[in-house]
Amino acid sequence: MARRRWSVVAAAAVLVVLLVGGRWLALETAERAWAAGVPAGSVYLDARALARVVRLAILLLAVAWGTIHVYFVYRVIGSVQMPRRLGNLEIVEAVPQRVLLAVTLASGLLFGIGLSWGTGDWWRQAALATAPPQFGISDPVLGKDLGYYVGELPWAQTRQSFALLAAATATVVVALLYMGIGSLRFSRGRPVASQHARGHLGVLLACVAMALAWGAWLDPAEVVAGLHGVVDRALLNVRLPGAPVVAVLAVAAALASLAWGWRDRTGFLGGTWGALLLALVGVYGLLPAIARGAAGGRRTRADRGLDPPYPAQRAQFERLAFGADGGSLERRAPPEFAGVDQALGALPQWDAGRVAMVVGRTSQLGPRATVAGVALAASPDGAPLPTVPARRRWIVAPAPDDSSLLLLQPQPAWDDVHRGAWAHTGPPLAAQETDTGLALEPLVEAPAETWFGPGFGQFVIADTAGREGRVLRAAGIPLEGRWRRLALAWVLQSPELARAGTRGWLLLWRRDVTERLSRLAPFAEFDRPAPVLARGGALWWLAYGYVESDAFPLARPITWQDRPVGFRRAGLLGGVNAATGETRLWFAPGTDSLTSAWARLFAPLVQPLDSLPAGLRAQLPYPRGAFRLAAAALERLEGDSLGWAPRPSDPFDLVAPDPDGGAHLTRWTAQGFESNATTEKRFEALLAGTVTPLGRRLYLWRPMRREPRPPDVLGAADTKPGVLRLWPAGGELLATQAQFAQAIDTDGAPPPRLLRVYLSLGNRRGVGPTPLAALRNMLSTPGAPADTTLRGRWREAQRLAAAADAALAAGDLERFAALYRRLSELLKLAHSP
């Protein structure tokens, strides 16, 4: 019976090993096959190996740490007796030593797994610390290079926190175990322990104290880096001189703990640990708060001595941390159009979301496709400035509509999804803005089929004998060899890949752009890809990759996606060819030192910017995430005491003249700001960014004279305002905003339709069904007010009624008739749909 039981256990163990080991081997085979189809695939495999080694090392260290300490407790236990009932008799049975040992080893294993949980990304910090970036700039407090705070400090802080957690948890667990077996108790507040338990706990307490001393040694750098809150004089005046005191007391507590474990000197132990705890609470918590509050009643921050320390360096570091440094920022207006009519010919009235809604409700993309991405088209190299509204064009790229697969009845066959009509989509489209809406037309020279892009979530197979197989050969995985096909079928949970009919075909795996780029560069976070048509008709998906750090000296963090970041720059540019799957990573224009450090570690993965395919360099958009961060930093640095508020709330895209004077249009991203005054809001500044052959450039335009605030355009149940776009024209602020006939987004609702365009230039206003009609209205008469709020309409109606009454009283019937017509148009506009 016992032999059969052990045979079953052994068979189950062998089965588990085969399943786990086989799964691991299959995954490794699949990863190596995929890496063979991407550039620098060996770098990807090396990064995976490094991550696995670091995770395994941390796990083994944690398991060994926990097992050793639990085993020390096990050595003290003589025997454990468990009560047991036999009928009416209760007997006591001793637990076998091998069972106790097994429980000890299992406890150590569980302790180590729990301690190492969540350490999967530590390998990135460890790798960066071996070759930290060098900024060539030192902080004014500690004199360290800025690269220390983003490269070495995070790994040091992680190790210190791990050491403190390991020592503290082991101390608590061991103390509870010793108390459970009676080797540790407290008498009159003093610990009384056996010699073995006292020595063990003394060593653990010394480890806790040394971990606290390590933290005190790192604390000045953490304070300067902003890891303990925004850097102010209270932190610098209290925590920096207080950290050595904490470190000295921690070392004294460690020595006292060892002395207690060796000689049982309890009084010295309590005194040193009490002083250490008081120092921790005082230096890290109470004293900085007292330093801020003691001067809180004084009248000014300068009187308190708590004004921001090193204001010039703080501003410099914040600009550097968020991409608004002086090397790329110009304090002047961006290049203007030759005239307002030319500006209206280039400034789009639609936005990407509404273009996607219109195209998605047509049959142009096909019955099984949806919109993968929409981007404003820039003019090719050498294209002249428009004289008619012909440059307001959008590129719309399709993707398979995988979300509708679950709704189909009956479900499509495996071949249809992974090899047939669902495997790819048709060519991208061009959406041209016209006076009547959007005109959809195919893009000239664009690829007839697209296989890669956002939303391409299914793997597909392609016949190597066909045309698509020849095009996709470089990015595909050849289904050759019995084990490779079996491994891929196991990993992808698709037994059809292992059948004989797929031998020699190509497997296209991980076709989503963001997933593809993130696996190659795990140290970066990529934004949403945008479609760009290169010279020759190649469709590329481009996405900027961001590197970041929680710490950066003196810089105040900015909230990004609900988390504070101290440093974030767009240093990478990733690209995936939609037709061939070719995947590349380049240095982004205006790259930073942190990205360069990562590129050295992952060489030769990241290529120079000069190796971009022809025609892409001139069409690069400004990184939207980087622009948001730069705008947030400048809003904080440039605003007055009342502060600035962004208007519109999100950056907008447009095409405008080349900043270097070229005869072609360039892609721009811009953001307006207005004052936060509650009485009268006014336009304050315009931030515009573009990418040039020399790098990224930002323009901050603050008009010399006071510019009126562009009026609001509101919506209703069946109307919605479009995107407000601002641009300088003749030294004045040109603002244009569309209003759309758009019902609540429900099934069966008609697509959005351009209803009217509101235009303002300085103090002049115009409105019309098209941009040129609004311009004619603005140049002829003031027309209906562009301020569509109820208050604005009421004020204008009152003014017109008073003027008409005065004209009638004066007998000027011609002027009365003109004013009456304008009042009628205003009231009609107020009630028009």
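The numbers here are math on the coordinates, done by the rules we state, and not lab data. Just so it is clear, the structure is predicted and the values come from calculations on it, not from any experiment. Using ideal geometry, Cβ is built from the backbone for each residue, glycine included, and neighbour counts are taken over all protein chains shown.
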**OP:** Round to the nearest 10 and give me the degree value, 0 to 90, for the angle of helix 233-263's Cα axis relative to the longest principal axis of the chain.
**Re:** 20 degrees
Subject >> Value of relative contact order over the chain, rounded to a whole percent, pairs C-alpha under 8 Å and six or more apart >> reply: 11 percent
Subject >> Amide H partners (placed H, <5 Å) of A729, local residues excluded >> reply: L734
**OP:** Using Cα extents along the principal axes in Å as the read-out, say which of [x] 96, 79, 53; [y] 116, 83, 62; [z] 86, 72, 56 was calculated from these coordinates.
**Re:** [y]
Subject >> 10 Å binning of all Cα-Cα separations within the range 411-460, expressed as whole percents from 0 upward >> reply: 22, 36, 27, 13, 2
Original post:
To the nearest 20 debye, what is the magnitude of the charge dipole of the chain about its Cα centre, counting +1 on the Cβ of each Lys and Arg and -1 on the Cβ of each Asp and Glu?
Top reply: 2140 debye
Subject >> Paired Rg and Dmax values of the range 159-211, which use every Cα atom, in angstrom >> reply: 11.6, 37
Subject >> Farthest toward positive dipole pole in the chain [+1 Lys/Arg, -1 Asp/Glu at C-beta], among L344, P447, L629 >> reply: L629
**OP:** Averaging sequence separations of C-alpha pairs under 8 Å and six or more residues apart, then dividing by the length of the range 202-285, give the relative contact order as a whole percent.
**Re:** 38 percent
Original post:
Mind checking the angle between helix 311-321 and the chain's longest principal axis? C-alpha axes, 0 to 90 degrees, to the nearest 10.
Top reply: 90 degrees
Original post:
Is it possible to state the helix-based mean residue ellipticity at 222 nm for the chain, with each DSSP H run of 4+ residues giving -39500 (n - 2.57), the sum divided by total residues, to the nearest 500 deg cm²/dmol? What is it?
Top reply: -13500 deg cm²/dmol
Original post:
Out of every Cα pair in the range 599-742, what percent are spaced more than 27 Å from each other?
Top reply: 33 percent
Original post:
After finding the eigenvalues of the alpha carbon gyration tensor for the range 672-739, what semi-axes result from the square roots of 5 times each, listed largest first in whole Å?
Top reply: 25, 18, 11
Subject >> Integer Hz, Karplus 6.51/-1.76/1.60 couplings in order for the range 547-554, x for Gly and Pro >> reply: 10, 8, 8, 6, 10, 7, x, 6
Subject >> Between the range 626-670 and the range 178-194, the Cα center-to-center distance that results, in Å >> reply: 67 Å
**OP:** Please list the radius of gyration and Dmax for the range 546-677, considering alpha-carbon atoms only, with Å as the unit.
**Re:** 17.3, 54
Original post:
Quick one: helix 813-831 against the long Cα principal axis of the chain, what's the angle to the nearest 10°, folded into 0 to 90?
Top reply: 30 degrees
**OP:** Report, in whole Å, the centroid distance computed from the Cα atoms of the range 146-167 and the range 405-482.
**Re:** 46 Å
**OP:** Using per-residue counts of other Cβ atoms within 10 Å, averaged over each peptide, order 112-119, 617-624 from highest down.
**Re:** 617-624, 112-119
Subject >> Cα-centre dipole for the range 96-230 with unit charges at Cβ (Lys and Arg positive, Asp and Glu negative), debye to 20 >> reply: 840 debye
